[in-house]
Amino acid sequence: MRKKNFLTILFLFIWMFSYSQNNIKSIQLKPLEATNFSTIVPLGKTLQLSFDDMDADQKEYYYKIQHMSSDWKPSAISTNQYIIGFNQNIILDYENSFNTLQNYTHYKVQIPNSNTKIIESGNYLISVLDDLQNVVFTRRFTLYENKALIGVSVIRSRKSKALNQQQTIQFTINYNENEIRNPSQEIKTVVLQNKIWETAISTLKPQSYRNNQLVYNYYNKPNFWSGNEYLNFDTKQIRNSTIQIARVEKKDIYHTYLYTQKARNLKPYTYFPDINGQFVIRTIEAANSSTEADYSMVHFSLDADEITNKEIYVYGAFNDFETTLENKMNFNSSTKKYEVSIILKQGFYNYTFVTKDKNNSLNTHEINGSFYQTENEYTVLVYYKAFGENFQRVIGIGSATVNQQE
């Protein structure tokens, strides 16, 4: 009997903890500029973390910052080596929503601030904690120095089987040989597509060493699936239908029904501009989007045959490019479509569809297709760990975007 009661209590605890995380929405970590979404920024630049608590009850939340290695493991470095002030502090800037059907409390904090100043470059993990010091969510960011010059180019894959589906990144690193004496041991690189860490390539070695230069001019790697341009919708006018929104219904909150999408893997490539999976909170119906933008239940649907051995997810920066129960699509046997409903704040959203197999391997092109023309942005991060040091700095970045004319 005791075992049964213990299991019941344990289940309730896990359920309550999982449920409590569902109250946090619209998490954004970005520079202050409206059109800049990058969390890879120069050391000293200000980033703002913001989020909404749908319980709307003004809880106490704290932020915590930790230095990480290039593969996102905790660095062997003490806090006072990379922060002046405190690595953990309470978030004091919060405000309740105004004139919205869905009540929420909006929180925000800027890094650096008067209590926390980061003095070393590298990868960082910022965690938001509740008043019991439980981790509510985490986000990644990278601070870099301009100690090395990186030239990056993107070419069409030379692999015969992937000629029309993949893109290859080539780059060179120019460094100060007076500072870096053993680059083969002290330098590591990471290549990102659209700044998404889940598909990063970090195993590359230089093809050749020249005077103060490392050359990575591979033709068969690093190859990325090009994917397709992101789909989008805009709810800045929450009551209106658009070319992406079929209809809107007002219930307890607004319900936004998107037009059903079809698989694009067998369709020809069509260019249209996107923001590489990001989202912008905005409303033209009020002055302050942070606290006056409302929420709606957004209904996604995909016209595709049922897949028995894989799961399908709606995917984008709005869910941190993760696959969770909240954004998992379910097959509706009556409509013969995959469907999911996600509550989202007013704004402009990019999204796409991904599949995940039993081994948790993601496929971003099975439904969307993959085309060498797709406009992706590639970023090369250069990490440096000198002999005797116990952490990696980021001494430079380089970036390039696919050339539509190639």
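The values are calculated or read from the model by the stated rules, or taken from the named source; none is laboratory data. Everything numeric in this text was worked out from a predicted model, so none of it was measured. Virtual Cβ from ideal backbone geometry, glycine too; neighbours counted across all protein chains shown.
Checking each residue in region 210-227 for being modelled with pLDDT of 95 or more, under 23 Å from N182 (Cβ atoms) and in a loop (DSSP other than H, G, I, E, B) picks out no residue at all.
Do we find that G388 is assigned to a loop (DSSP other than H, G, I, E, B), of a type in the set (G, A, S) and touching a residue at least 60 places away in the same chain (Cβ under 8 Å) in this structure? In short, no. Within region 61-84, being within 20 Å of the chain's Cα centre (by Cα), within 18 Å of I395 (Cα to Cα) and not acidic (D, E) holds for H67, M68, S69, S70, W72. Those strands (runs of 3 or more DSSP E) of region 53-131 in which 2 or more residues are surrounded by fewer than 16 Cβ atoms within 10 Å (Cβ to Cβ) and in contact with a His (Cβ under 8 Å, 6 or more places away or on another chain) occupy 93-96. Against the numbered list (1) part of a loop (DSSP other than H, G, I, E, B); (2) surrounded by fewer than 16 Cβ atoms within 10 Å (Cβ to Cβ); (3) in contact (Cβ under 8 Å) with a residue 60 or more places away in the chain, T199 comes up short only at (1). So, in region 233-290, of the ones that are touching a Leu at 6+ places or on another chain (Cβ under 9 Å) and of a type in the set (S, T, N, Q), which residue ends up surrounded by the most Cβ atoms within 10 Å (Cβ to Cβ)? Ranking the qualifying residues of region 233-290, first place goes to T256. For the condition assigned to a loop (DSSP other than H, G, I, E, B), under 16 Å from K337 (Cα atoms) and among the acidic types (D, E), D305 qualifies.
If you filter region 346-359 down to residues that are among the polar types (S, T, N, Q) and in contact (Cβ under 8 Å) with a residue 24 or more places away in the chain, you find that the one that is nearest to S296 (Cα to Cα) is Q346. Would you say N276 is assigned to a loop (DSSP other than H, G, I, E, B), outside the structural domain of K188 (by TED's automatic domain parsing) and on the phi > 0 side of the Ramachandran plot? Here the answer is yes, as N276 does meet what is asked.
Within region 27-42, none of the residues are surrounded by 10 or more Cβ atoms within 10 Å (Cβ to Cβ), in contact with a strand residue (DSSP E or B) (Cβ under 9 Å, 6 or more places away or on another chain), modelled with pLDDT under 95 and under 18 Å from N134 (Cα atoms).
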